[in-house]
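Notes for the one structure printed next.
The values are calculated or read from the model by the stated rules, or taken from the named source; none is laboratory data. The model shown is predicted, which means the values in this text are computed figures rather than measured ones. Cβ placement follows ideal geometry from the backbone for every residue including glycine, while neighbour counts extend to all protein chains displayed. In case anyone asks, the SASA skips ligands and DNA or RNA and just uses the protein heavy atoms, side chains included. Shrake-Rupley method; radii C 1.70, N 1.55, O 1.52, S 1.80 Å.
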Amino acid sequence: MSGQPPLHQAHGVTARTLRSNFTPGSTPWAMRRAQWTALGLTEADLEKPKIAIVNSSSQLASCFSHLDQIVGPLKDAIAAAGGVAFEVRTAAPSDAITSAGAAGQYILPSRDLIASDIEVAVEGALLDGMVCLASCDKTTPGQLMAAGRLNIPTIVIGCGYQPSGVYRGEAVDFEDIFRFAGHVNAGRMTVDELGQMSRCAVTGPGVCAGMGTANSMHLAAEALGMALPGTTPVLALGPAMWRAVAAAGERIVGLVEEDVRPRSILTPTAFANAVTAILAVSGSVNCLKHLQAIAVEAGADVDVYRLFETLAPKVPLLTDVKPNGNTQITEFEAAGGTLGLLRQLAPLLDLSARTVAGGTLGDAIDAASPIAAGPSAADTPTAGGLVVDENVIRPLDKPDATQPAIVVDENVIRPLDKPVATHPAIVVMRGSLALEGAVLKRTVADDAPLAFRGPAKVVRSRDEGVAAAKAGQFQPGDVVVLTGLGLRGSPGMGLTSALMFAIDGAGLSASVAVITDGQMSGLVNGGLVIAEVSPEGAAGGPLGLVRDGDLIAIDVNARTVDLEVEPGELAARRAALPPLAAPAGCGWLSVYARSVAPLGSGATLGGR
């Protein structure tokens, strides 16, 4: 992608030749003036930094329904800082709504569509920077992928989580709707009861109120240095969100002037910090493929899966935000949020990593830490009176709106020496059934068995699996194998969450294991579930060769998952498989299936 022009000196002050400003008299210069003058831009505006506001807005889901309200105040903040803002739109996929069509196959491919939407609008117009309004699961990674790809100054704003409600005197949120739908299938809850609960669970806009993929990726954006320190997670449309919007609008113009680009921030060190943070909160397993995709787009030499393998034994669980435990996301925010977590993790982090705030991660942590007791300014006379450190006590015209002092509540975000748990939160599994890896999520309580061996029960779609669970076809001790849902076989990596909840509804989550090449929702937790098996079954991976009754052995501590079938038998089964044909047609899923790279490359559209 085209880069920024070099710095030059103007009137003794360092200035930037903006890539959005063309040679006077040229055809692009004339066309741009004609179009933008019609939009109301002045002569002075035409010379200012041009900033994209990337808005994944939609009225299809509450995840995105508030984003349009943010655009106006953000434009004003950018204008006040000396820039000109242009709103651009992208696809807005919601796991809750967009998953209805094609058995959830549109969800993951929408991430890459978002990145390409941004490329077309921002790179096509040669804008100078962008502020991305991050909301539901795929928007944050898609926006960060675009930032790495385009390598222009970028800030991500986590636009907040939704307020939840109360049902029959008990707190209820969107995760509960997922879970109890499985109970209806098993006859343990009525349709009317689930309907009433559904009407209470979400009481405002924003992402799911738990440590699912959305909040996990908002947290990851801050840990990577791509969101301003102290801005995640926040309540959607709450005061903290609006402070973050104002600060991002001001800061993005500074990033353009300073030529601070994403690839200087998205370094291997930054990815190690983000992985550490995700492990410490037992974040969504979807973060593995998303962080890997961001690394690929940013040209960072990082194997995110190996980072999770290496760091998992060293990073304790410091909090138990739902669905991992009982802590609410509101409590996590009040206890210090992501910046408070990073402060607790400081000995395990590389504090020299840069952030979009302009300094290092260590600077951000220090700036937000309570001031140590010592002599007050009033006790420090000087010849001219008091000496005020304006980095600590800001002047009226330069308030610190983004980073108040963080007082970490260690009952919620524990110190390293007093963790909630010490077992790895996310485990990368390998073995004869997952030659290139798979992922397993462990809860804080982690009451799932650590070793499991049993006969396979094979299903080839989530609907077939849900029907089998409802019909009582799974028995304690079974290993349920759901295959054919991988990147190419689905195509798009279908969602398998409905099967997990059907098994939970049948009361079997503690007594059966589940293995799939599909993806789980970030809100799914509980039971022994191994997902995203690679290579996928439809492309000739061992998972597609499993037959009913085959013995499968799982050892979580050894991080192995093995199919106990003789190699000769597997070779015969593989020889009998028809080759996976590339889907024809011009539809997005067909294009995706023909272009997608393996999970180890982040499932980016880079070919195989």
(Q) How far apart, in nanometres, would the label points at Ala334 and Asp363 be if each is projected 7 angstrom from Cα along the Cα-to-Cβ direction? (A) 3.3 nm
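About its Cα centre, what dipole magnitude does segment 47-124 give when the only charges are +1 on Lys and Arg Cβ and -1 on Asp and Glu Cβ, stated in debye to the nearest 20? If you can, show how the numbers build up before the last one.
Values: 5 positive and 9 negative charges, 21 e Å.
It comes to approximately 100 debye.
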Q: List, in order, the whole-Hz ³J(HN,Hα) value for each residue of segment 587-603 obtained from phi through the Karplus relation with A = 6.51, B = -1.76, C = 1.60 and θ = phi - 60°; use x for Gly and Pro.
A: x, 4, 5, 5, 4, 4, 4, 6, 10, 5, 8, x, 4, x, 9, x, 6
(Q) On the principal axes of its Cα set, how long, how wide and how thick is segment 146-282? Give whole Å, largest value first. (A) 59, 30, 24
(Q) For Lys138, give me every one of the lysines with a C-alpha distance below 16 angstrom, ignoring sequence neighbours fewer than eight places off in its own chain. (A) Lys289
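Taking every DSSP beta bridge with both residues inside the chain, roughly what % is antiparallel (nearest 5)?
Working: 27 of 59 bridges.
Antiparallel bridges: around 45 percent, rounded to the nearest 5.
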Q: Among the aspartates and glutamates, select those whose C-alpha is under 12 Å from the C-alpha of Lys322, and discard any that sit fewer than 8 residues away in the same chain.
A: Asp173, Glu175, Asp176, Glu331
(Q) I'd like to know which of Pro24, Ile406, Val428 lies farthest towards the positive end of the charge dipole of the chain, counting +1 on Cβ of Lys and Arg and -1 on Cβ of Asp and Glu. (A) Pro24
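Quick one: if the Förster radius is 30 Å, what FRET efficiency do Leu351 and Asp301 give, using the C-beta to C-beta distance and rounding to 0.05?
On the way: r = 21 Å, r/R0 = 0.71.
For Leu351 and Asp301, the calculated efficiency is 0.90.
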Q) Amide H of Gly437: which non-local residues (sequence gap of 5 or more, or other chain) have their own amide H closer than 5 Å, using H built in the peptide plane? A) Gly431, Ser534
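Where a ≥ b ≥ c are the square roots of the eigenvalues of the C-alpha gyration tensor, would you call segment 476-608 rounded, which needs a/c under 1.5, or, failing that, prolate if a/b is larger than b/c, or oblate?
Values: a/c = 1.99, a/b = 1.29, b/c = 1.54.
It comes out oblate by the Cα gyration axes.
Where the only charges are on Cβ atoms (+1 Lys, Arg; -1 Asp, Glu), what is the dipole of segment 81-227 about its Cα centre, to the nearest 20 debye? Don't skip to the end; give the middle numbers.
Values: 8 positive and 15 negative charges, 38 e Å.
Taking the Cα centre of segment 81-227 as origin, the dipole is about 180 debye.
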Q | Principal-axis tilt of helix 239-258 within the chain, Cα atoms, nearest 10 degrees | A | 70 degrees
Q) On average over all directions, what projected area in square nanometres does segment 525-597 have, based on the convex hull of its Cα atoms? A) 7.2 nm²
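Multiplying the sequence separation of Lys418 and Asp463 by 0.36 nm and subtracting their Cα-Cα distance, what value in nm do you get?
Values: separation 45, 0.36 × 45 = 16.20 nm, distance 4.32 nm.
Stretched fully, the Lys418-Asp463 segment lengthens by 11.9 nm.
Report the charge-dipole magnitude of the chain in Debye, nearest 20, computed about the Cα centre from +1 at each Lys and Arg Cβ and -1 at each Asp and Glu Cβ. Present the calculation step by step, with values, prior to reporting the outcome.
On the way: 44 positive and 59 negative charges, 218 e Å.
Charge dipole of the chain: 1040 debye, to the nearest 20.
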Q. Going by the alpha-carbon gyration tensor, a ≥ b ≥ c the square roots of its eigenvalues, is segment 311-355 rounded (a/c under 1.5) or, if a/c is not under 1.5, prolate (a/b greater than b/c) versus oblate?
A. oblate
Q) Measuring with a 1.4 Å probe in the full set of protein chains, what accessible area per residue, in whole Å², belongs to segment 467-568? A) 28 Å²
**Q.** 3J(HN,Hα) from dihedral phi, segment 473-483, Karplus parametrisation 6.51/-1.76/1.60, rounded to Hz, x for glycine, proline
**A.** 7, 9, 10, x, x, 6, 10, 7, 10, 10, 10
Q: Give me the Kirkwood hydrodynamic radius of the chain, using the inverse of the mean 1/r over all pairs of distinct Cα atoms, in Å to one decimal.
A: 25.2 Å
Q. Length gain on complete extension for the stretch Glu566 to Ala582, per 0.36 nm per residue less the alpha carbon to alpha carbon distance?
A. 2.8 nm
Q: Mind checking segment 533-573 for GluC sites (Glu not before Pro) that DSSP puts in a loop (not H, G, I, E or B) and that have at most 15 other Cβ atoms within 10 Å?
A: Glu564
Q: Return the long-range amide H neighbours of Cys63 (sequence gap of 5 or more, or a different chain), with a cut-off of under 5 Å between placed amide H atoms.
A: Gly206
**Q.** Selection from Phe174, Ile97, Pro415, by position along the positive dipole direction of the chain (Cβ)
**A.** Ile97
Q: Give the cross-link partners of Lys457 among the lysines, using a straight C-alpha distance below 25 Å as the criterion and excluding same-chain residues fewer than 8 apart.
A: Lys441, Lys470
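Where Lys and Arg each count +1 and Asp and Glu each count -1, what net charge lies around Ala553 among other residues with Cβ under 9 Å from its Cβ? Mind dumping the intermediate values first?
Numbers: positive: Arg453; negative: Asp555, Asp562, Glu564.
My count for the surroundings of Ala553 gives -2.
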Q) Taking all protein chains as present, what is the carbon and sulfur share of the accessible area of the chain, in % to the nearest whole number, probe 1.4 Å? A) 55 percent
Q: Quick one: check the C-alpha center-to-center distance for segment 299-368 versus segment 480-529, whole angstrom.
A: 28 Å
Q: Name the residue farthest towards the positive end of the dipole of segment 40-83 from the options Gln69, Leu46, Ser56, assuming +1 on Cβ of Lys and Arg, -1 on Cβ of Asp and Glu, about the Cα centre.
A: Ser56
